[in-house]
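This report refers to the structure that appears directly beneath it.
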Amino acid sequence: MEITVRSIVRGGTIRSVGLLAPGVLSTIVRDTAGKIRLSARMIEKAPITLNINGQDYTVSVEPRRTLVDVIRDDCGQTGTHIGCEHGICGACTIIVEGEAVRSCLMFAIQADGKRIRTVEGLADGDKLHPLQTAFMAHHALQCGFCTPGFLMLAVNALETNPNITDEEILEVLSSNLCRCTGYQNIIKAVRSTAHEMRRAPAS
Ligand code: FES
Ligand code: FES
């Protein structure tokens, strides 16, 4: 039997959804007594609702589908890119319930009912987000393939840590890959946005 369980370990709690075989959805949880439990049930498709940038998308998905695939193919939001599909490059980074995640490592059904932000939600109409403007000003992109992931990663860091230091910015950005820019201009763009936000905090 093929086992393709993917798990996320956060704060000592294992939360995992995976496939034991085509159509068999498994969940692994740590119960209140600290024991690891596995349950499995047959499922072909499940209706889920993703709230993407404030709009609800209700779709029917097979449990094996990744979140990035469903966002792009079923919801038509193609700004989020797919690179390695193995959690390495960060091109697929989005924000789920206030947390930057690699959407190639998450199953769509794990995001049912959750608030999701993608690069399409950064600009306010024609007005770009300050970080997008800074990317332009500092030439922080060339081919642009990695850019949506870097933007969402950095926006989340700037919003959750308004006093983020230059060193912390380096640490955050080190999780994503860019094959073109050499990183220096991305770092400059994020640092300048952080300094700007500190001077004029959002009201
Ligand atoms: S496509 Fe998700 S980390 Fe590379
Ligand atoms: S700008 Fe080309 S991969 Fe980053």
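Give the residue, chosen from Leu105, Leu122, Leu131, that is within 16 Å of ligand 2 (Cβ to nearest atom) and of a type in the set (A, V, I, L, M, F, W, C). The match here is Leu131. Can you find a residue that is over 21 Å from Ser192 (Cα atoms), within 15 Å of ligand 1 (Cβ to nearest atom), among the hydroxyl-bearing types (Ser, Thr, Tyr) and assigned to a loop (DSSP other than H, G, I, E, B) anywhere in the range 97-105? Within the range 97-105 (the criterion being over 21 Å from Ser192 (Cα atoms), within 15 Å of ligand 1 (Cβ to nearest atom), among the hydroxyl-bearing types (Ser, Thr, Tyr) and assigned to a loop (DSSP other than H, G, I, E, B)), the answer is yes, since at least one residue qualifies.
Residues in the range 150-184 that are part of a helix (DSSP H, G or I), buried (at least 19 other Cβ atoms within 10 Å of the Cβ) and of a type in the set (S, T, N, Q): Asn156 only.
Checked against (1) under 24 Å from Asn53 (Cβ atoms); (2) more than 16 Å from ligand 2 (Cβ to nearest atom); (3) aliphatic (A, V, I, L, M), Ile169 passes all but a single condition, namely (1). Scanning the range 41-70 for residues that are within 19 Å of Leu122 (Cβ to Cβ) and in contact with a helix residue (DSSP H, G or I) (Cβ under 8 Å, 6 or more places away or on another chain) gives Leu50, Ile52, Asn53, Gly54, Tyr57, Leu67. When Ile94 is tested against (1) within 16 Å of Leu50 (Cα to Cα); (2) out of contact with any helix residue (DSSP H, G or I) (no Cβ under 6 Å at 6 or more places or on another chain), only condition (2) is not met. Candidates in the range 79-94 are the residues that are surrounded by 19 or more Cβ atoms within 10 Å (Cβ to Cβ) and under 27 Å from Ile43 (Cβ atoms); of these, the one that is farthest from ligand 2 (Cβ to nearest atom) is Ile94.
The set of residues from the range 64-77 being within 14 Å of ligand 1 (Cβ to nearest atom) and free of Cβ contacts under 8 Å to residues at least 24 places away in the same chain comprises just one member, Arg72.
Of all residues in the range 29-53, which are in a strand (DSSP E or B) and modelled with pLDDT of 80 or more? Scanning the range 29-53 gives Ala46, Pro47, Ile48, Thr49, Leu50, Asn51, Ile52.
The values are calculated or read from the model by the stated rules, or taken from the named source; none is laboratory data. In this text the structure is predicted, and so the values were computed from the model without any measurement. Here the Cβ is made from the backbone with ideal geometry for all residues, glycine too, and neighbour counts use every protein chain on show.
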